[in-house]
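Everything below concerns the one structure shown next.
The values are calculated or read from the model by the stated rules, or taken from the named source; none is laboratory data. Predicted model, so just to flag it, every value in this text is computed and none were measured. FYI the Cβ positions are ideal-geometry reconstructions off the backbone, even for glycines, and counts take in every protein chain you see. For accessibility, only protein heavy atoms count, side chains too; no ligands or nucleic acids. Shrake-Rupley method; radii C 1.70, N 1.55, O 1.52, S 1.80 Å.
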Amino acid sequence: MSVAEWSGAALRWEQRLSALKVRLGSVFGRPEVRASAGTFIDGLLSGVGRKTGWLMAEQAGLGRPYRMQSLLGRSSWNAEKLRDLVRAEVIASLGDPRGVLVVDETGFLKKGTHSVGVARQYSGTAGRIENCQVGVFLGYASPLGQALIDRRLYLPDAWATDAARRRQVQVPEAVTFATKPQIACDLIAAALDAGTPCAWVLADALYGSDSRLRRMLEGGRQPYVLAVRSNHALRLLTAEGLQQTDPAQLADALPPEGWAAHAAGEGSKGLRLYDWARIALPWTVDEGFERWLLIRRSGRDAQERAYYLVFAPAGSSLAELAGAAGLRWTIEECFQRAKEELGLDHCEARSWHGWHRHMTLCMAALGFLAGLSAQLRRVAGSKPNEKSPSAIAA
């Protein structure tokens, strides 16, 4: 295999991008709208520092940004149908029975108050309360890579109940106030109903603490590893009766031999090693499944811990649970790449459908890049090393 093959220099990415535009084109209907969508995706993938209508139009050699702005606003096309196609593209490239679904939200800082959903609310991006929009996203990760496959704007209650503001930004009548965990339920259910291969569903404590989300997954016999807070209320039926406790108290009572070291994925400095433990939860469970409290502990500070509720196939090892928990970072990598390279946070549209159109087009661009990376991994793994360890040992 040549360096050009495994490095990606020989990938015919332009042909692949043209083919992707053709496959997505059915969503846009009219030829001029299809052309604008292709130009928009080109702009997202370009080196333009800020993905605004003006700058992407200039990149494309257009005199005015009308086509870019119209694509997000006045043009007639369905962002949900495009989302379905983007998800199918990602699964075609990355789909694997060992894949995971990861849900999380990200913030989009705003200066004004007129864009849909803008309010003073907590932004994980900023780490504090800011004037921003918040979107809930669903990511998919497998051994071949990761990408975003769904999105929905969180509409604060003050927006959801203000008829005048809703009309100004064209919020559909069917859209009502929904909590972020409720949105997550919808996104996950849609992905699973579409046949997305998924070994585990992963999320942080905002979602893991929601009993409705856990019940939905358990009802579909879908394994999960969901983070919870240290003081999450746990009620356990013991020989002494009903005991109320929390993850921190249970972790404090673990003996030293109850912990084992496992990697939790790869970070910027190599494998991230932690101590892990699990405690069986004596709750009713479907045949073939087990419930666990999973605990992650820092090797440097024994009080630095994270906690997870687990619904797992019977016989799952501690290493399997630790490995699954460690994959939640994949959606953070998606956010970082989509914002830094593809303009996920450069949305100029103020309307409900404009926001979802922009995000979905960014997801298409991110999925395209993930597909290229997956192809490189396949190429690199297609030819066995002629000097395998066994051959060297012999």
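General observations
- Evaluation of Leu271 against (1) outside any loop (DSSP other than H, G, I, E, B); (2) hydrophobic (A, V, I, L, M, F, W, C); (3) surrounded by 15 or more Cβ atoms within 10 Å (Cβ to Cβ) (one fails), failing number: (3)
- Checking each residue in region 340-384 for being among the hydroxyl-bearing types (Ser, Thr, Tyr), at pLDDT below 95 and within 17 Å of Leu20 (Cα to Cα) picks out only Ser373.
- Against the list (1) in contact with a Ser or Thr (Cβ under 8 Å, 6 or more places away or on another chain); (2) modelled with pLDDT of 95 or more; (3) outside any helix (DSSP H, G or I), the condition Arg83 fails is (3).
- Filter result for the condition that a residue is out of contact with any Asp or Glu (no Cβ under 7 Å at 6 or more places or on another chain), in contact (Cβ under 8 Å) with a residue 40 or more places away in the chain and over 23 Å from Asn231 (Cβ atoms), over Ala324, Ala264: Ala324
- A single member of Glu348, Glu304 is among the acidic types (Asp, Glu) and touching a residue at least 12 places away in the same chain (Cβ under 8 Å), and it is Glu348.
- Test: residue in region 23-37 that is at pLDDT 90 or above, farther than 23 Å from Lys339 by Cα, surrounded by 15 or more Cβ atoms within 10 Å (Cβ to Cβ) and under 24 Å from the mean Cα position of the chain (by Cα): yes
- A single member of Arg67, Arg151, Arg98, Arg128 is touching a residue at least 24 places away in the same chain (Cβ under 8 Å), under 23 Å from the mean Cα position of the chain (by Cα) and open to solvent by 40 Å² or more (accessible area, probe 1.4 Å), and it is Arg98.
- Region 192-225, residues that are more than 23 Å from Arg278 (Cβ to Cβ) and of a type in the set (Ser, Thr, Tyr): Thr196
- Answer from Asp252, Asp193 - the residue that is farther than 22 Å from Leu318 by Cβ and open to solvent by 40 Å² or more (accessible area, probe 1.4 Å): Asp193
- Residue count for region 239-252 under the criterion of being modelled with pLDDT under 95 and small (Gly, Ala, Ser): the result is 2.
- Region 20-34 residues that are more than 13 Å from Gly367 (Cα to Cα), paired with ones that are open to solvent by 90 Å² or more (accessible area, probe 1.4 Å) (beta carbon under 7 Å, 6 or more apart): Gly25/Arg34; Val27/Lys81; Phe28/Arg34; Gly29/Ser76
- Summed over region 101-125, residues that are in a strand (DSSP E or B) and either touching a residue at least 40 places away in the same chain (Cβ under 8 Å) or aliphatic (A, V, I, L, M) (or both) total 9.
- Boolean, Arg120 is of a type in the set (Lys, Arg) and either surrounded by 21 or more Cβ atoms within 10 Å (Cβ to Cβ) or in contact with a Lys or Arg (Cβ under 9 Å, 6 or more places away or on another chain) (or both): no
- Residue among Asp186, Asp162, Asp157 that alone is of a type outside the set (S, T, N, Q), open to solvent by 60 Å² or more (accessible area, probe 1.4 Å), at pLDDT 95 or above and more than 22 Å from the chain's Cα centre (by Cα): Asp157
- Within region 136-166, being part of a loop (DSSP other than H, G, I, E, B), of a type in the set (A, V, I, L, M, F, W, C) and out of contact with any Gly (no Cβ under 7 Å at 6 or more places or on another chain) holds for one residue alone: Leu144.
- Only one entry of Ala194, Ala178 meets the criterion of being of a type in the set (Gly, Ala, Ser) and in contact (Cβ under 8 Å) with a residue 60 or more places away in the chain, and that entry is Ala194.
- The condition of being open to solvent by 60 Å² or more (accessible area, probe 1.4 Å), aromatic (Phe, Trp, Tyr) and within 26 Å of Trp352 (Cβ to Cβ) holds for only one of Trp54, Trp77, Trp13, that being Trp54.
- In region 289-325, the qualifying residues are those that are modelled with pLDDT under 95 and open to solvent by less than 60 Å² (accessible area, probe 1.4 Å), and the one that is farthest from Glu257 (Cα to Cα) is Ser298.
- Of the residues making up region 274-300, those that are part of a strand (DSSP E or B) and either of a type outside the set (Asp, Glu) or at positive phi (or both) number 14.
- Test result for Arg278, basic (Lys, Arg) and either over 24 Å from the mean Cα position of the chain (by Cα) or more than 13 Å from Gly326 (Cα to Cα) (or both): yes
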